[in-house]
Amino acid sequence: MACSLHQNMPQESSFDIVSDFDFQELRNAVDQVKREIATRYDFKDIHADVVLNDEDITITVPDNMKLKAVVDMLFQKLVNRKLSPKIVEMKEPEHALGGALRQVLKLIKVLDQDHCKQITKIIKERFSKVKSSIQGSTVRVSSKSRDELQEVIAALRGETTLKVPLKFTNYR
């Protein structure tokens with residue numbers, strides 16, 4: 001009899017919120033930008049460079065106009081490869097050798113504690129029947145209602161105050 005009682009209880013569903021991306025797709029996007037720079041007429045005979053490291057992307061160009069053009073190219077390539085532009089955090093451009101400009105775009109690869117807290121706060125304020133907990137660089141969200149979990153995902157996707165890319169995984 002205890003078995004049948006257990007089966008009738010509503011099962012809790014959950015998913016995890018993380019922030020990561022396909023690094024190979026990012027590498028492909030940066031390579032496409034480099035190829036486009038090499039073939040574009042407005043970049044002929046100038047030094048423009050885009051370097052991808054594990055932690056950031058560094059763009060070096062002669063002036064603000066070229067900087068804007070390269071950043072726009074990069075963001076377009078990210079979107080074309082289904083990567084969120086939020087995977088990069090733009091730092092202030094700085095002057096480099098020879099009068100060039102250097103722009104560093106820091107890669108956001110995991111949710112830090114501040115972003116985890118911000119996400120759980122948004123969930124607690126808007127959804128009374130949904131539980132969220134921080135587990136390292138992951139936020140676990142659970143509820144008895146799968147519909148409410150779908151509403152949480154939709155709300156977080158539309159949230160403009162979050163400046164990091166979110167990925168919803170382990171839905172069960």
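The values are calculated or read from the model by the stated rules, or taken from the named source; none is laboratory data. The model shown is predicted, which means the values in this text are computed figures rather than measured ones. Note that we place each Cβ from the backbone using ideal geometry, even for glycine, and neighbour counts take in every protein chain shown. Ligands, DNA and RNA are stripped out before the accessible areas are found, and what is left, the full protein with its side chains, is counted by its heavy atoms. Shrake-Rupley method; radii C 1.70, N 1.55, O 1.52, S 1.80 Å.
Remark: accessible surface ordering of 134, 17 (largest first) is 134, 17, probe radius 1.4 Å. Considering helices alone, the calculated mean residue ellipticity of the chain at 222 nm is -12500 deg cm²/dmol, with DSSP H runs of length four and up weighted by -39500 (n - 2.57) and normalised per residue. Seen from residue 133, the other residues with C-beta closer than 12 Å to its C-beta sum to a net charge of +3, counting Lys and Arg as +1 and Asp and Glu as -1. When both the stretch 40-64 and the stretch 147-172 are represented by their alpha-carbon centers, they are found 34 Å apart. Solvent-accessible surface of the stretch 1-141, taken per residue with a 1.4 Å probe and all protein chains present: 62 Å². Taking all Cα pairs closer than 8 Å and separated by 6 or more residues, the relative contact order of the stretch 54-172 comes to 22 percent. For the stretch 41-116, the list of trypsin sites (Lys or Arg not before Pro) that fall in a loop by DSSP and count at most 12 other C-beta atoms within 10 angstrom reads 44, 82. A value for P(r) over Cα pairs in 5 Å bins from 0, in percent was derived from the coordinates, and within the list (1) 1, 9, 18, 20, 18, 13, 9, 6, 4, 2, 0; (2) 1, 8, 15, 16, 13, 11, 9, 8, 6, 5, 3, 2, 1, 1, 1, 0, 0; (3) 2, 9, 17, 21, 22, 17, 9, 3, 0, 0 it appears as (2). Taking each of 34/91; 44/167; 77/144 in turn, the alpha-carbon distance tops 32 angstrom for 44/167; 77/144.
The label-point distance for residue 84 and residue 96, in a model that sets each label 7 Å from Cα toward Cβ, rounds to 2.8 nm. What chymotrypsin sites (Phe, Trp or Tyr not before Pro) does the stretch 77-172 have in DSSP loop regions with at most 15 other beta carbons within 10 Å? When the chymotrypsin sites (Phe, Trp or Tyr not before Pro) of the stretch 77-172 are filtered for loop state and at most 15 Cβ neighbours within 10 Å, 171 remain.
Restricting the stretch 109-172 to GluC sites (Glu not before Pro) that sit in a DSSP loop and have at most 16 other Cβ atoms within 10 Å of their own Cβ leaves 159. Shown for the stretch 53-139: the carbon plus sulfur share of the solvent-accessible area, taken with all protein chains present and a 1.4 angstrom probe, equals 52%.
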